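Coordinate-derived values only; no laboratory data. Just so you know, these numbers come straight off a predicted model, no measurement behind them. Here the Cβ is made from the backbone with ideal geometry for all residues, glycine too, and neighbour counts use every protein chain on show.
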Amino acid sequence: MADLPLALDASLAGRLQGALDPDGKIPRALDALGPVADRDVVLLDGSDGDLRSTQLVALGARVRPAPRTADGAWDAPAGAADCVISMWSALRGAIPDEVDRAAALARPGGRLLVVQDYGRDDVARLLGDPPEPLAWSRRDGPFLGSGFRIRVVHCFWTFDDLDATRAFLDDAFGPAGREVGATLQRPRLSYNIAVYHRTIGEAAA
């Protein structure tokens with residue numbers, strides 16, 4: 001699930017993949033915070049050819065996807081990356097042991113970037129305003145309380161027209177999707193993401 005913020009069947013995932021962040025704000029933010037251009041990048045839970053990996057390669061990154069192994073670790077060598085990136089599926093809630101495992105994949109002075117939902121947007125309404133993103137982004141929360149900083153990126157799910165938007169929401173989310181779709185005036189949903197970022201070896205503030 002490194003490619004998308006939620007699990008959907010293949011057909012619906014393909015429709016969302018084409019709509020999520022068509023302006024490329026997420027990869028540009030990762031490059032600004034890494035950087036990733038001309039760097040060795042490990043993408044946690046990634047796979048060859050997925051959208052996010054392709055976007056990072058287009059920015060000049062040397063990407064190594066790191067799927068999970070049977071023991072729950074990631075299939076990547078320790079200390080070999082300039083930048084380790086987690087997108088949605090890994091490092092949820094900044095569990096210390098998981099963060100330490102991810103950080104061990106980077107060289108000293110390397111960067112650890114974690115993409116998660118920030119909430120406070122149309123997509124959060126669609127998902128019932130889950131409490132985790134709000135808790136994670138608190139000053140005393142698991143990320144900011146353990147040395148990460150945060151950058152909020154204001155993105156969109158953008159479709160061809162309102163009919164296509166509402167059809168996707170209905171197909172993917174049923175009554176909740178229809179309710180949100182009825183409030184939209186444009187063929188897009190506001191979607192805010194948080195990029196939590198930290199330098200490996202840097203002490204927590």
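Miscellaneous remarks
- Which listed residue, of Arg15, Arg39, Arg28, is in contact with a strand residue (DSSP E or B) (Cβ under 7 Å, 6 or more places away or on another chain) and basic (Lys, Arg): Arg39
- Answer residue from segment 1-31, given it is part of a helix (DSSP H, G or I) and within 26 Å of Ala78 (Cβ to Cβ) and is farthest from the chain's Cα centre (by Cα) among those: Asp31
- Checking Arg101 against (1) in a loop (DSSP other than H, G, I, E, B); (2) surrounded by fewer than 19 Cβ atoms within 10 Å (Cβ to Cβ); (3) touching a residue at least 12 places away in the same chain (Cβ under 8 Å), the condition it does not meet: (1)
- Listed conditions (1) assigned to a loop (DSSP other than H, G, I, E, B); (2) surrounded by 15 or more Cβ atoms within 10 Å (Cβ to Cβ) are all met by Asp140, apart from (2).
- Among residues of segment 32-64, those that are crowded, with 21+ Cβ neighbours inside 10 Å and not in a loop (DSSP other than H, G, I, E, B), counted: 8
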